[in-house]
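Okay, so here's the structure we're looking at.
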Amino acid sequence: MWVAPEVGFCVKCSTTNGGKVFINVTQHSRIAEPIPIPDSEQDEEDTIKFKIPLSCGVARADVDKSGKTCKVYDVIVNPNTGKRCGDDNEFRRFVAALCMTWIKQKSEPMLNADEFKNVNFKC
């Protein structure tokens, strides 16, 4: 099913071979709301106590503002997740890290998920 998500924020990261990757985190109500994790399932180190449903598209080729080739991934989260990202910097970093981890595991093994930069934020 095709959806037209609302703007959220963009994360810029790179691959270990120097490639650029942009992750557009958008929002749409068809994605489930964050699910609280029961205390019995949490580690002592957990600071974010939610499971965050998301949908991630495949990479598409694009060019950055300097005209260099890059990859772009579009991720969709629930609008409540997007709103919380706008209100809570730590939560936004958590969601960005979650997206990068998902993309690294599924599609982009060379992604450097330890370093990223917010380049656009409109939540």
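The values are calculated or read from the model by the stated rules, or taken from the named source; none is laboratory data. Keep in mind that this is a model prediction, so the values were computed, not measured. Cβ sites come from the backbone with ideal geometry, for glycine too, and all protein chains shown count toward neighbours. SASA here: full protein model, heavy atoms, side chains in, ligands and nucleic acids out. Shrake-Rupley method; radii C 1.70, N 1.55, O 1.52, S 1.80 Å.
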Worksheet item: Among (1) closer than 18 Å to residue 8 by Cβ; (2) at pLDDT below 90, which single condition is residue 55 missing?
Response: (2)
Worksheet entry | All positions within the stretch 6-33 that are hydrophobic (A, V, I, L, M, F, W, C) and part of a strand (DSSP E or B) | 7, 9, 10, 11, 13, 21, 22, 23, 25
Worksheet item: If you take the residues of the stretch 64-83 that are within 13 Å of the chain's Cα centre (by Cα) and open to solvent by 20 Å² or more (accessible area, probe 1.4 Å), which of them is farthest from residue 106 (Cα to Cα)?
Response: 76
Discussion item. Given the condition in contact with a helix residue (DSSP H, G or I) (Cβ under 8 Å, 6 or more places away or on another chain), open to solvent by less than 10 Å² (accessible area, probe 1.4 Å), closer than 11 Å to residue 8 by Cβ and assigned to a helix (DSSP H, G or I), answer yes or no: does some residue in the stretch 98-111 qualify?
Written reply: no
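Does residue 114 satisfy the criteria of being closer than 22 Å to residue 58 by Cα, without any contact (Cβ under 8 Å) to a residue 24 or more places away in the chain and either among the acidic types (Asp, Glu) or exposed (fewer than 15 other Cβ atoms within 10 Å of the Cβ) (or both)?
Yes: the conditions hold for residue 114.
Taking the stated definitions as given, is residue 41 open to solvent by 30 Å² or more (accessible area, probe 1.4 Å), over 20 Å from residue 101 (Cα atoms) and modelled with pLDDT under 95?
yes
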Fill in: Filtered residues of the stretch 47-85 (kept if closer than 20 Å to residue 31 by Cα, in a loop (DSSP other than H, G, I, E, B) and touching a Lys or Arg at 6+ places or on another chain (Cβ under 8 Å))
59
